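What follows is a single structure, written as structure tokens, with notes after it.
The values are calculated or read from the model by the stated rules, or taken from the named source; none is laboratory data. In this text, all values refer to a predicted model and were calculated from it rather than measured experimentally. Counting neighbours? That spans all protein chains shown, and the Cβs are built from the backbone with ideal geometry, glycine included.
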Amino acid sequence: MKAKLSKKQNQEILDFMREVAVTAGKKLVRYQKKLDTLSVSIKQAQGVASEADHASEELIIKAIKKKFPEHSILAEEDAFKKFGDGKEALDHFKKEEWCWIIDPLDGTHNFLAGMDYFAVCICLAWRGVPQVGLIHRPVNGETFHAILGEGAWVSHLDSGKRAQKIHATKSSKKLRESMLVTGFATEKGEVFDREFDQFRKIMGKSRGIRRMGSAALDLCYVASGIFSGFWERGLAPWDVAASGLICLESGVKVTNYEGQKFHPFQKSIIAARNPVYSELISLFD
């Protein structure tokens, strides 16, 4: 479902996203240079958050509220104060005309370890459907973006070159020839064991699997062809809203484990070009 925005409006939204993401990214890089002094807390949902997460989120939300005061915002660091699970969030935001879905720092563990594999994620959705999405990797300046129905692009902010369109090329790779990327759900017990069983099954049928620590970047690198496929369960809307759109607009097939059409509030995700997608999803039962 596509909102009725002109190309000029889409470009204005994209320019705003880029400006905000780059500014937030610069702040994150400054924070990463003083890791020893950062305060770290436990997220309400899972994992950890640092003062860098909160500072980036505050900057992004402030900018959105100033430019789009009538829009709603779904942000990682305060979402679970309002919603108990993805279904409740989906039910709410289906009623919202415009909603910004943001992750101020995807890959917090990587960030806190001094790694550069983390990103700022910003997406604008209409009636729950991503319309414009942007993922910015602050350390190297790599930025992916997509507009619904218009395609996906990648650029390097420091290169001075224009953004390159990610073409929806067909792949001839088979699963056994493919390098995949994934993450793991954090629950322990039976569910956790099932995640590893799935991992072992797919590992035996592929060339290799990586766990990089940022689902948003993982999906962008599936879009650009570095990885041939991605799967994970238990992700949140802010992890996949922008990156899922980028995948779709670059010709990647994106569904949940049951093969249902992608939306940001699903409990699982598989992303790959065919024929890898068909082989990959056949391993989920």
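The residues of the range 149-183 that are closer than 17 Å to residue 242 by Cα and either in contact with a Leu (Cβ under 6 Å, 6 or more places away or on another chain) or among the basic types (Lys, Arg) (or both) amount to a single one, 165. Screening residue 115 against (1) in contact with a His (Cβ under 9 Å, 6 or more places away or on another chain); (2) assigned to a strand (DSSP E or B) leaves a single unmet condition, (2). Taking interchain pairs and intrachain pairs at least six residues apart, which have beta carbon atoms under 9 angstrom, with the first residue in the range 168-185 and outside the structural domain of residue 205 (by TED's automatic domain parsing) and the second among the charged types (D, E, K, R) and part of a strand (DSSP E or B)? Partner pairs satisfying both residue conditions: none exist.
Candidates in the range 264-275 are the residues that are within 21 Å of residue 214 (Cβ to Cβ) and not small (Gly, Ala, Ser); of these, the one that is surrounded by the fewest Cβ atoms within 10 Å (Cβ to Cβ) is 267. For the range 203-218, does any single residue satisfy the condition of being of a type in the set (Asp, Glu), touching a strand residue (DSSP E or B) at 6+ places or on another chain (Cβ under 6 Å), closer than 30 Å to residue 148 by Cβ and not assigned by TED's automatic domain parsing to the domain that holds residue 101? Checked against the condition, which is being of a type in the set (Asp, Glu), touching a strand residue (DSSP E or B) at 6+ places or on another chain (Cβ under 6 Å), closer than 30 Å to residue 148 by Cβ and not assigned by TED's automatic domain parsing to the domain that holds residue 101, the range 203-218 yields at least one hit.
In the range 1-26, the residues that are in the same structural domain as residue 126 (by TED's automatic domain parsing) and more than 25 Å from residue 263 (Cβ to Cβ) reach residues that are at pLDDT 95 or above and assigned to a helix (DSSP H, G or I) with C-beta atoms within less than 6 angstrom, at least six apart or across chains, in these pairs: 24/56; 24/59; 24/60. Based on this model, can you work out whether residue 44 counts as within 30 Å of residue 184 (Cβ to Cβ), modelled with pLDDT under 85 and within 22 Å of the chain's Cα centre (by Cα)? Answer is yes for this residue.
Looking at 181, 132, 154, 139, just one residue is surrounded by 14 or more Cβ atoms within 10 Å (Cβ to Cβ) and in a loop (DSSP other than H, G, I, E, B), and that residue is 139.
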